Structure formats: structure tokens, C-alpha cells
Amino acid sequence: MAVLQITQGADNKILRAKSHDVKKLDRKIKDLAKNMADTMVPAHGLGIAAPQVSVNIRLFIALLNYGTKNEITVSMINPKILSKSKETENAEEGCLSLPGRFGIVPRA
């Protein structure tokens with residue numbers, strides 16, 4: 001497949017805009033997801049969202065169980081958080097759209 005250009009910049013409008021729902025799961029969306037995964041891996045990312053490749057839809061790719069025998073890449077379309085733990089854990093994170101910048105982020 002193809003490696004896509006990663007959209008960068010803290011003030012980039014597409015990275016700050018509300019993304020649109022995916023209305024139909026078709027070949028175009030499947031190809032985009034594959035291309036996003038092909039883009040994330042050589043960039044050393046563990047996740048990438050469609051706006052990070054200049055497509056303003058609710059789609060992201062995540063690499064789960066990184067570094068284990070159970071490592072898997074998953075696509076998530078129109079995700080919704082239905083519940084979350086009250087407990088949080090802080091961990092260092094980076095962003096492919098903000099190269100070289102890292103910070104401590106609390107996650108449920």
C-alpha cells in the first residue's frame with residue numbers, strides 16, 4: 001500500500017477540527033486504514049488518526065500489546081467511550097503530528 005504524508009503542527013486546523021462520522025465502510029475506507037497502518041509503522045508510532053493524514057473522519061489505527069507475542073494492529077471506526085475507570089495512570093506520550101514533543105498524559 002502507500003505511506004501517507006503526516007499532517008503536523010500544533011495549530012493545524014484539521015488536527016483541531018471535529019471529525020465526521022464514517023457513513024459507509026467501503027473499499028476507500030479499508031484502503032485508507034491500511035495506508036494509515038503502513039504510515040504509522042515506519043514513523044515509529046503506536047497509533048494514528050485519520051486527521052493526522054489530512055482526512056477529517058473518525059477513524060484511527062492502534063498498535064496494541066506492543067512488544068509482546070500478542071501484538072496486534074486494529075482499526076477503529078466511529079469509536080465511542082462508553083465507560084472509563086475513575087483511576088488514572090500517567091505515562092509519557094508523543095504524537096506523530098508533533099515530532100520531538102513528549103509529555104506526561106493521564107489516562108483512565
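The values are calculated or read from the model by the stated rules, or taken from the named source; none is laboratory data. The shown structure was predicted, so the numbers you read here are calculated from the model rather than taken from an experiment. A quick note on method: Cβ atoms are made from the backbone with ideal geometry, for glycine too, and the neighbour counts reach across all protein chains shown. SASA here: full protein model, heavy atoms, side chains in, ligands and nucleic acids out. Shrake-Rupley method; radii C 1.70, N 1.55, O 1.52, S 1.80 Å.
Within region 36-49, the only residue that satisfies the criterion of being assigned to a loop (DSSP other than H, G, I, E, B) and open to solvent by less than 30 Å² (accessible area, probe 1.4 Å) is 45. Please determine whether any residue of region 50-60 is part of a loop (DSSP other than H, G, I, E, B), at pLDDT 95 or above, surrounded by 10 or more Cβ atoms within 10 Å (Cβ to Cβ) and hydroxyl-bearing (Ser, Thr, Tyr). Yes, region 50-60 has at least one match.
The requirement of being crowded, with 18+ Cβ neighbours inside 10 Å, within 12 Å of the chain's Cα centre (by Cα), aliphatic (A, V, I, L, M) and not in a helix (DSSP H, G or I) is fulfilled nowhere in region 66-82; no residue meets it. When region 1-35 is filtered for residues that are part of a loop (DSSP other than H, G, I, E, B), under 11 Å from residue 51 (Cβ atoms) and either of a type in the set (Asp, Glu) or open to solvent by 50 Å² or more (accessible area, probe 1.4 Å) (or both), only 18 remains.
The one condition from (1) part of a loop (DSSP other than H, G, I, E, B); (2) open to solvent by less than 80 Å² (accessible area, probe 1.4 Å); (3) over 29 Å from residue 30 (Cα atoms) that residue 87 does not meet is (2). Would a scan of region 90-106 turn up a residue that is of a type outside the set (Gly, Ala, Ser), more than 21 Å from residue 7 (Cα to Cα) and either part of a loop (DSSP other than H, G, I, E, B) or touching a residue at least 40 places away in the same chain (Cβ under 8 Å) (or both)? No, every residue in region 90-106 fails to be of a type outside the set (Gly, Ala, Ser), more than 21 Å from residue 7 (Cα to Cα) and either part of a loop (DSSP other than H, G, I, E, B) or touching a residue at least 40 places away in the same chain (Cβ under 8 Å) (or both). Just wondering, is there one or more residues in region 100-108 that are in contact with a Lys or Arg (Cβ under 9 Å, 6 or more places away or on another chain), among the small types (Gly, Ala, Ser) and open to solvent by 70 Å² or more (accessible area, probe 1.4 Å)? So far as region 100-108 goes, yes, one or more of its residues are in contact with a Lys or Arg (Cβ under 9 Å, 6 or more places away or on another chain), among the small types (Gly, Ala, Ser) and open to solvent by 70 Å² or more (accessible area, probe 1.4 Å).
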